[in-house]
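The values are calculated or read from the model by the stated rules, or taken from the named source; none is laboratory data. Everything quoted here is computed from the prediction, not taken from an experiment. Backbone-built Cβ (ideal geometry, glycine too); neighbour counts: all protein chains shown. Just so you know, the surface numbers come from the protein's heavy atoms only, side chains and all, with ligands and any DNA or RNA stripped out. Shrake-Rupley method; radii C 1.70, N 1.55, O 1.52, S 1.80 Å.
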Amino acid sequence: MICLTLILINMKKLFYFLSLFFTLAFVSCQNEETFENKTPNTSALENDIATIKQLGFDVSTLVDKGDYYLVEGDIGLVKKNLKQHLEEFKGYAKTDSKLKQGYLSGRLVSLDNVKNMTIRIDASVPTSGTGSDWRTAALTAIDAWNNITGSCVKFIYTTSTTADITVKRAYSSQGEYAKVSDFPLNQKPSKEIIVNSMFDNNFSYKANTIIHEMGHAVGLLHTHYTPAEQGGVLIPGTPTIDDTSIMSYNRNRALLPGFNSNDLIAIRYLYPAPVGKVYFKDINITNSGTTTTVQAVLYTSVATEVTMQVGLHISSNENAEATFYSGGTSIVVNKNNISNPDNATKIFYYQAGSHNVSFTLTGKNMNTQAAASIIGAKASGGTISIEYPSSLEIGLL
């Protein structure tokens, strides 16, 4: 009886020990994000593979990760976004040949978004000890991108949780060194770059890896494939395959971080630095009864095609009218034509220099609001930066 009691007590201790062990093991695993393989749905997988092939990716190493597919070793494609990726890809291919050029295949960040991309480093990347150099590597990668001359690409480091891109550290036993969470969507960059805590290579390897993933985040594809194999068209001045590119798996990433000359050609071609700027200055506002007039100077540093738009907010019983005037041409918006956007938008042509313009609101009351805004600018030599102030405003907008 004594022996039986001891055995029962020991069994209870053993059960408690095992329960505690598995509980701690589970909690330990939950503390670090993983990106392991998932069991695929065969029918859905076949349909998705067909879509991914249309997008131009190599599916020979495709892995189902649950909510997304991992292709080409480090590119995540979120399943629920595949249809939209395909629609955007087809749309770009039809409307803008530049967007299907070179290292990418119809998936770019807009020029407005690419010059102000915020990026943060998640708490999953240690601030000290093992793995903390991933944090320094990320900052080095940000500097490398921002130091490219002749391009409008700009990454802005922030600690805000609303950043465009977040760098995370997670665990995977499947061999991927790092990955992006998805390709650009809605003309915005990938939301996440995830590095694998299983690996701990030298610092240069880590910095080059994040530079590489940031390239994917803005739409660049691998250069150890030909552009044709990825649904793209060769960027002028670059080779069909480039094994020394930062975007190639075959590059020696243990070398000092950075881009080769073909990388710079591609980035400058896809995301060129603006050749000029346009904005309003010398703004003067006068009021007389129910009329407000804004006199201003529109300045452009180069010959520019400027698209202006007039907005007017009035109640149904108002007879207010807003007029933008420049060089003998005007945009007039009132209650009779306010419902037609074509009436509110017009293209003006300016030579380099200062140009007098005016914006007038007549028949206003205390709640009437109006604005004349620069919404687009083009020059023969490249893009134009629309700078602040880019609007003439009347009322509380």
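In what order, largest first, do L234, L255, L62 sit by accessible area if the probe radius is 1.4 Å? It would help to have the intermediate numbers written out before the result.
On the way: L234 70, L255 95, L62 35 Å².
The ordering from most to least exposed comes out as L255, L234, L62.
May I ask you to give the solvent-accessible area per residue for the stretch 239-311, in square angstrom, as obtained with a 1.4 angstrom probe? All intermediate terms of the calculation are to be shown ahead of the outcome.
On the way: 3290 Å² over 73 residues.
Using a 1.4 Å probe on heavy atoms only, each residue of the stretch 239-311 averages 45 Å².
Classify the stretch 343-397 from the C-alpha gyration tensor, please: rounded if a/c falls under 1.5, else prolate or oblate depending on whether a/b exceeds b/c.
Details: a/c = 2.51, a/b = 2.27, b/c = 1.11.
Here the stretch 343-397 falls in the prolate category.
Can you tell me how the stretch 288-352 classifies by the Cα gyration tensor, rounded, prolate or oblate, using a/c under 1.5 as the rounded cut? Write down the numbers at each step before the final one.
Values: a/c = 3.25, a/b = 1.70, b/c = 1.90.
Because a/c hits 1.5 or more and a/b fails to exceed b/c, the stretch 288-352 counts as oblate.
At a Förster radius of 51 Å, what calculated FRET efficiency corresponds to the Cβ-Cβ distance of D200 and I285, to the nearest 0.05? Walk me through the intermediate numbers first.
Details: r = 61 Å, r/R0 = 1.20.
About 0.25, to the nearest 0.05.
Given a 1.4 angstrom probe, I'd like the percentage of the accessible area of the stretch 232-386 that is carbon and sulfur, rounded to a whole number. Spell out each step's value before the answer.
Values: 3810 of 7620 Å².
Here carbon and sulfur together make up 50 percent of the probe-accessible area.
If you project the alpha carbons of the stretch 187-311 onto the principal axes, what extent comes out on each, in Å, largest first?
71, 35, 26
How much of I283 can a 1.4 Å solvent probe reach, expressed as accessible area in Å² and rounded to 10?
About 80 Å², ignoring ligands and nucleic acids.
Going from most exposed to least, what order do T162, T61, T140 have by accessible area with a 1.4 Å probe? Walk me through the numbers before you get to the answer.
Working: T162 110, T61 75, T140 45 Å².
These residues rank, largest area first, as T162, T61, T140.
So if each residue of separation counts as 0.36 nm, and I subtract the Cα-Cα distance between A273 and A123, what length gain in nm does that give? It would help to have the intermediate numbers written out before the result.
Values: separation 150, 0.36 × 150 = 54.00 nm, distance 3.33 nm.
My answer for the length gained is 50.7 nm.
Can you check what the net charge comes to around S128, using other residues whose Cβ is under 15 Å from the Cβ of S128 (Lys, Arg +1; Asp, Glu -1)?
On the way: positive: R135, R169; negative: D133, D200.
My count for the surroundings of S128 gives 0.
Which distance in Å, rounded to a whole number, links the C-alpha centroids of the stretch 130-188 and the stretch 263-323?
Here the answer is 34 Å between Cα centres.
Can you bin the stretch 252-397 into rounded, prolate or oblate? Criterion: square roots of the alpha carbon gyration tensor eigenvalues sorted a ≥ b ≥ c, rounded for a/c under 1.5, prolate for a/b above b/c, oblate for the rest.
Values: a/c = 2.83, a/b = 2.41, b/c = 1.17.
Taking the square roots of the gyration eigenvalues as a ≥ b ≥ c, the stretch 252-397 is prolate.
From the phi of every residue in the stretch 76-86, what ³J(HN,Hα) in whole Hz does the Karplus formula 6.51 cos²θ - 1.76 cosθ + 1.60 yield, where θ is phi - 60° and glycine or proline is x?
Once θ is set to phi - 60°, the couplings for the stretch 76-86 become x, 10, 5, 4, 5, 9, 4, 4, 5, 4, 5 Hz.
Could you work out the local net charge near H313, counting Lys and Arg as +1, Asp and Glu as -1, over the other residues with Cβ closer than 12 Å to its Cβ? Present the calculation step by step, with values, prior to reporting the outcome.
Numbers: positive: K335, K364; negative: E318, E393.
Summing Lys/Arg as +1 and Asp/Glu as -1 gives 0.
At what distance in nm do the modelled label points of T307 and N186 sit from each other, each positioned 7 Å from its Cα along Cα→Cβ?
Distance between label points: 2.0 nm.
Within the stretch 346-364, what residues put their amide N at less than 17 Å from the label point 7 Å along the Cα-to-Cβ vector of E318?
Residues 359-364 fall inside that zone.
Over the heavy atoms of K65, what accessible area does a 1.4 Å probe trace out, to the nearest 10 Å²?
Result for K65: roughly 10 Å² accessible.
Spin-label point model (7 Å from Cα, Cβ direction): what's the L45 to H355 distance in nm?
Each label point is offset 7 Å from its Cα along the Cβ direction, giving 6.0 nm.
Residues of the stretch 110-165: accessible area per residue at 1.4 Å, in Å²? Before the final figure, lay out the partial values.
On the way: 2610 Å² over 56 residues.
Accessible surface, normalised per residue, equals 47 Å².
Which order do M366, M247, M198 take when ranked by solvent-accessible area (1.4 Å probe, heavy atoms of all protein chains), largest first? The partial results should precede the final answer.
Working: M366 170, M247 0, M198 100 Å².
Greatest to least solvent exposure: M366, M198, M247.
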